[in-house]
Structure formats: C-alpha cells, structure tokens
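Just so it is clear, none of the values below were taken in a lab; they were calculated from the coordinates. All figures in this text were calculated on a predicted structure; none of them were measured in a lab. As a convention, Cβ positions derive from the backbone with ideal geometry for all residues, glycine included, and neighbour counts pool all protein chains shown.
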Amino acid sequence: QVRLEESGGGLVQPGGSLRLSCVASGRTFSGYHTGWFRQAPGKEREFVAAVTWRGGNTYYADSVKGRFTISRDNAKNTVYLQMNSLKPEDTAVYYCAATIRNGATEDRAYYYWGQGTQVTVSS
C-alpha cells in the first residue's frame, strides 16, 4: 500500500505560480511512476503530467506544456508540480497518483491516489 498526500494548493492570481508537493508513505515509492491529475467542477478528471520513477522521462498534457514542470526526489519520497503562468482554467482539485505503468496518462492505470489539493486561479 502506498499512501499519497498532496499539499501546496491555494488561491493565486492569474499569471502567478504555485508548487504542489506529493509525499508518499507506506511501502517503498521506488518503482512507481507518478502522475498529477486535476478535476474542475462539473468536468471529468484529466491528466496533467507524469514522471517515471527514476525521473528520466516526463509527460505533459498539451494544455500545461511549457508552463508546468513535474519532478521527483526519491530520497524524500516526494513528487512536485511546479505551476507557472497560471490561468483561471487551471482552477481544479489536483491529485497525485502512482502506477507501475510507464508513461500512463489514463487515470484508470493508476493504483494509488491522494485526497487532492485545491488550486484556485482568480483575481
């Protein structure tokens, strides 16, 4: 069992930045690829970004490419999502998730999920 806990969400103005963190506990985090997903009110959950367990490969949704950066520090069992140039349409609950499937972008491929952290982009 891998437990995931997100933090770092909040209210930010358009154009601002936030860094989300996802800390894993329980069994070893090594070997698990990690992704970030988000869900806005009234919309389905969507893929945002993913990183392989060694951190060598990253994947991004087109809507965040060039603005968001995913990274991980396995020594700290932590995955990060640096979000820059935030837009109102980035407003959502952001979830961290883990899978053994390399490069997975579908939420059904992920086994473990955090509870989510709210990100609100508004002036």
| said: Sorting check: for 85-98, 31-44, which peptide has the highest mean count of neighbouring beta carbons within 10 Å, and how do the rest follow? | reply: 85-98, 31-44
| query | If you place +1 on the Cβ of every Lys and Arg and -1 on the Cβ of every Asp and Glu, how big does the dipole about the Cα centre of the chain come out, in debye to the nearest 20? | reply | 280
| field | Value of relative contact order over segment 1-55, rounded to a whole percent, pairs C-alpha under 8 Å and six or more apart | value | 29
| said: Give the lysines whose C-alpha is closer than 30 Å to that of LYS76, dropping any in the same chain fewer than 8 places away, or say none. | reply: LYS65, LYS87
| said: Once you place label points 7 Å from the Cα toward the Cβ at SER7 and ILE100, how far apart are they in nm? | reply: 3.0
| request: Could you give me the percent of Cα pairs per 5 Å distance bin for the chain, shortest bin first, beginning at zero and ending with the bin that holds the maximum distance? | output: 2, 13, 24, 26, 20, 10, 4, 1, 0
| request: Please work out the FRET efficiency for the pair ALA61 and ARG19, using the Cβ-Cβ distance as r and a Förster radius of 22 Å; give the result to the nearest 0.05. | output: 0.80
| query | Roughly how big is segment 1-73's charge dipole about its Cα centre, with Cβ charges of +1 (Lys, Arg) and -1 (Asp, Glu), in debye to the nearest 20? | reply | 100
| said: Along the charge dipole of the chain, pointing to its positive end and built from +1/-1 on Cβ of Lys, Arg, Asp and Glu, which listed residue (GLY26, TYR80, THR105) has its Cα farthest out? | reply: GLY26
